[in-house]
Amino acid sequence: MLILMKSDASDADIEAVCGRVRELGYTPHLIPGATRVAIGITGNQGAIDPDLFARFPAIAEAVPVSRPFKLVSREVKPDDTVIKVGGAVFGGGTFGVMAGPCAVEGREQLLATARAVRAAGAHVLRGGAYKPRTSPYSFQGLKEEGLELLAEARAATGLPVITEVVDTRDVDLVAEKADILQVGARNMQNFALLEAVGHAGRPVMLKRGLSATIQEFLMAAEYIVSKGNYQVILCERGIRTFETMTRNTLDLGSIPLIKRLTHLPIIIDPSHGTGDYRSVPALARAAVAVGADGLMVEVHPDPAHALSDGPQSLTPARFEALMESVRAIAAVVGMKM
Ligand code: PEP
Ligand code: MN
């Protein structure tokens, strides 16, 4: 259930309602809005009787939430969540771009890519330090050394950095070094990891699972938000279908629906979504046109020798051209960039 407070409700009024929610054995979540405060209630099994709140005159309305996801739903919070990290903004009409190599491979590779993507107008540097690879024999990432290199690249370029965390034991360390924590597709339903990043005090980018439905995707985000972390960016990166000629099937049709269902920003990763650098620019343009709040694109100075995901990585020159066309589409659809 969602309790909408009157616009003139005082802090004491709000606290009194929260106290009543706790007394009933549930958890209140304060959701500040443009004109009034809402209180989301979780922890209940089944519907809550609105009469339990009849004695609070500062309540405007008690409305049942029809979706299984509560705190991430637009029913609970109608206005867009806007996530600001350094100079990057995701949501609320501003388009943010994350770019960088799939994996941090070394100082030169990372710094060269970081400088190139910044010059082309990217807002966040990406780079995997812990790589969740399908094969145990593939490059697994530079781990702590990779985190140090990301911090160095941030210092050199001023770009905030995002990197994946794959293990609950690493959450504190990654949160200390990186500006945004990435939860990868393979870990979308790693509930212990979702709870841990929910407590990490850093924005989280949650990628859609390989075979996750939209509802499962939003429920995974709900895990993070229910721990008190509202700073969640969703990322559509393609799902597994019967098609084998593309690496994944990029679900562009999910974007307008997800925008209706949730207030959280959603970005698109056309690199993993297609698996082929030749398809990336077209799908990046489609991302802006379809209403996504941003992009994540893999860029490598020498894709032919990349240690992971070379075939889908853009050269810096191709990324620069992509950014130009993305900016043109953003202007057409009225997105700030
Ligand atoms: C990545 O971003 O490099 C990655 C591993 O992506 P995903 O989790 O979407 O496969
Ligand atoms: Mn990758």
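The values are calculated or read from the model by the stated rules, or taken from the named source; none is laboratory data. It should be emphasised that the depicted structure is a prediction, and the values quoted were computed from it without experimental measurement. Cβ coordinates were reconstructed from backbone atoms using ideal geometry, including for glycine residues, and neighbour counts include every protein chain displayed. Each accessible area value is taken on the protein alone, full model and side chains, heavy atoms only, with ligands, DNA and RNA left out. Shrake-Rupley method; radii C 1.70, N 1.55, O 1.52, S 1.80 Å.
Conditions (1) in contact with an Asp or Glu (Cβ under 9 Å, 6 or more places away or on another chain); (2) surrounded by fewer than 19 Cβ atoms within 10 Å (Cβ to Cβ); (3) of a type in the set (Gly, Ala, Ser); (4) part of a loop (DSSP other than H, G, I, E, B), marked per residue:
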{"position": "Leu295", "(1), (2), (3), (4)": "yes, no, no, no"}
{"position": "Glu298", "(1), (2), (3), (4)": "yes, no, no, no"}
{"position": "Ala304", "(1), (2), (3), (4)": "no, yes, yes, no"}
{"position": "Leu307", "(1), (2), (3), (4)": "yes, no, no, yes"}
{"position": "Pro311", "(1), (2), (3), (4)": "yes, yes, no, no"}
{"position": "Arg318", "(1), (2), (3), (4)": "no, yes, no, no"}
{"position": "Met323", "(1), (2), (3), (4)": "no, no, no, no"}
{"position": "Ala328", "(1), (2), (3), (4)": "no, yes, yes, no"}
{"position": "Val332", "(1), (2), (3), (4)": "no, yes, no, no"}
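Could you say whether any residue in region 185-206 is within 21 Å of Arg67 (Cβ to Cβ), in contact with a strand residue (DSSP E or B) (Cβ under 6 Å, 6 or more places away or on another chain) and in a strand (DSSP E or B)? Scanning region 185-206 turns up at least one residue that is within 21 Å of Arg67 (Cβ to Cβ), in contact with a strand residue (DSSP E or B) (Cβ under 6 Å, 6 or more places away or on another chain) and in a strand (DSSP E or B).
With respect to Phe90, is the statement that it is more than 16 Å from ligand 2 (Cβ to nearest atom), under 29 Å from Ser271 (Cβ atoms) and touching a Leu at 6+ places or on another chain (Cβ under 8 Å) true? In short, no. Restricting Pro101, Pro78, Pro57 to those that are open to solvent by 30 Å² or more (accessible area, probe 1.4 Å) and under 30 Å from Ile162 (Cα atoms) reduces the list to Pro78. Of the residues that make up region 129-140, is at least one away from ligand 1 (no atom under 16 Å from the Cβ), modelled with pLDDT under 95 and part of a loop (DSSP other than H, G, I, E, B)? Yes, the conditions are met somewhere in region 129-140. Does Asp251 qualify as being within 16 Å of ligand 2 (Cβ to nearest atom), in contact (Cβ under 8 Å) with a residue 12 or more places away in the chain and outside any helix (DSSP H, G or I)? No, not satisfied.
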